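Below: one structure, written as structure tokens.
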Amino acid sequence: MRKKKVFALILWMLVGLLFWWAWRDISLPQVWDALSRLSPLSLGTLLLVNGAIVLLFSSRWWLIVRALGYKVPFLALAKYRLASFGLGYFTPGPQFGGEPLQVYFLHKKHRVPTETALASVSLDKLLEMLANFTFLSLAILIVVWKGLFFQEMTGMVVGFSAGMAILLLIYIFALWMGKTPLARIFGWIPPNERWQASLRAFRQMLLDAESQIGIFCRQQPRILFQSSLLSALKWISLLGEYALALRFLGLETSLVNVLAIVVFARLAFLTPLPGGLGALEAGQVMAMQSLGFDPVFGVSMSFFIRVRDTLFALFGLWIGSVGSRKKNFTEKNYV
């Protein structure tokens, strides 16, 4: 317990240090002046774009669930995905933690077997992580090639992103070959009388889920290809949204610069800080300064992202709390 308190204290001290560094040369009036450039029309446009991207985030999962044989309404899955985002956003770490909520809703609201629900969520997350690390690797290579950032850290940063993408590909390939790596790893855990039954049940569920993912990969290559296209479309949409927000704030810049700024934002969310707290703000300021722009744009952009994501996360948590209290299965729809 004491170690946890010390870790939490160090974590919040780091957050405070990052916030201080980001704001050290910037005043609130400067940030307010930049944010005041966002007219009601531009805010409404960004809200519509954000809403479309939120729906796009659920499209890959929807394809997977349908291919597994369950016609769950798209908007229902979008709500569950948003609830998962809300829980993961406030959880320390790189925005994980909400996935069990997706499994819960899919099972409880639509009577999808737990192992099938887990397989759909796991496959969706695997493809998302693969797309994210692939994008980061390619984006960092482009940024380094243009001579903007990471010249002295190219090997480490690209190596980490590419290494994660390769590991995920190896794992997916193992599943495609009919292997169940995670279930096998859980089988190595020494038996314990107190937890033996629970571990056995969890390992069996994991075994069934990994087996279903492997069958899916072998039998549904078209869905995997479509999912990859949706992942690419998601990243194109995120880049467009970012460029649009910067333009509304009064900063028009090249696509490569936007790519570099987005890389810093995505790396911030890989830190063990809830919602990348502090890391996002410091990263955006560092990116703007390195590109020769006023750091006020960095703080303003991070403030916009923070408010946007927090509102969506709170809305997701509200959806999750309301949905968990409903005990009817009226949304159920089967093939």
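So here's what we get for this one:
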{"item": "Table column - 3J(HN,Hα) (Hz), the range 262-271, Karplus curve with 6.51, -1.76, 1.60, x for Gly and Pro", "result": "5, 4, 4, 5, 5, 5, 4, 7, 8, 6"}
{"item": "Folded to 0 to 90 degrees: helix 221-248 orientation relative to the chain principal axis, Cα", "result": "20"}
{"item": "Linear extension gain, Leu141 paired with Phe225, 0.36 nm per residue minus alpha-carbon span", "result": "27.8 nm"}
{"item": "Gaussian network model of the chain, springs between alpha carbon atoms under 10 Å - residue of Arg184, Arg247, Arg66 with greatest fluctuation", "result": "Arg184"}
{"item": "Label-to-label distance, nm, for residues given as Trp318 and Trp176 (7 Å Cα→Cβ offset)", "result": "4.3"}
{"item": "Leu169 paired with Gln289, simple spin-label distance in nm, labels 7 Å along Cα-to-beta-carbon", "result": "3.7"}
{"item": "Ordering of 46-52, 14-20 by packing [mean C-beta count within 10 Å, highest first]", "result": "14-20, 46-52"}
{"item": "Choice from Gln204, Gln212, Gln102 with maximal GNM fluctuation in the chain (Cα, 10 Å cutoff)", "result": "Gln204"}
{"item": "Full-extension gain in nm, Asp33 to His107, via 0.36 nm per residue minus C-alpha separation", "result": "21.8 nm"}
{"item": "Cβ-placed point charges (K, R +1; D, E -1), dipole of the chain about Cα centre in debye, nearest 20", "result": "1340"}
{"item": "Lysine pairs in the range 40-324 with Cα atoms under 16 Å, if 8 or more residues apart or on separate chains", "result": "6"}
{"item": "Virtual spin-label span in nm between Arg2 and Glu99, 7 Å along Cα→Cβ", "result": "3.5"}
{"item": "Residue among Gln219, Thr253, Trp235 farthest towards the positive dipole end of the range 202-272, charges placed on Cβ", "result": "Gln219"}
{"item": "Stretch gain in nm, segment Phe19-Arg308, where the contour uses 0.36 nm per residue and the Cα spacing is subtracted", "result": "102.2 nm"}
{"item": "Charge sum, other residues only, whose C-beta stays under 14 Å from Glu128's C-beta, Lys/Arg counted +1 and Asp/Glu -1", "result": "+3"}
{"item": "Taking Ser321, Ser228 and counting other C-beta atoms within 10 Å, the order from fewest to most", "result": "Ser321, Ser228"}
{"item": "Sequence ranges 167-178, 28-39, ranked by mean other-Cβ count within 10 angstrom, highest first", "result": "167-178, 28-39"}
{"item": "Listed values (i) 58, 44, 43; (ii) 52, 48, 38; (iii) 76, 48, 37, entry calculated as Cα extents along the principal axes in Å", "result": "(i)"}
{"item": "Calculated FRET efficiency for the pair Thr45/Ser254, C-beta based, R₀ 30 Å, to 0.05", "result": "0.90"}
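FYI, it's all coordinate maths here, none of it is from the lab. Quantities reported herein were computed from a predicted structural model and do not represent experimental measurements. Counting neighbours? That spans all protein chains shown, and the Cβs are built from the backbone with ideal geometry, glycine included.
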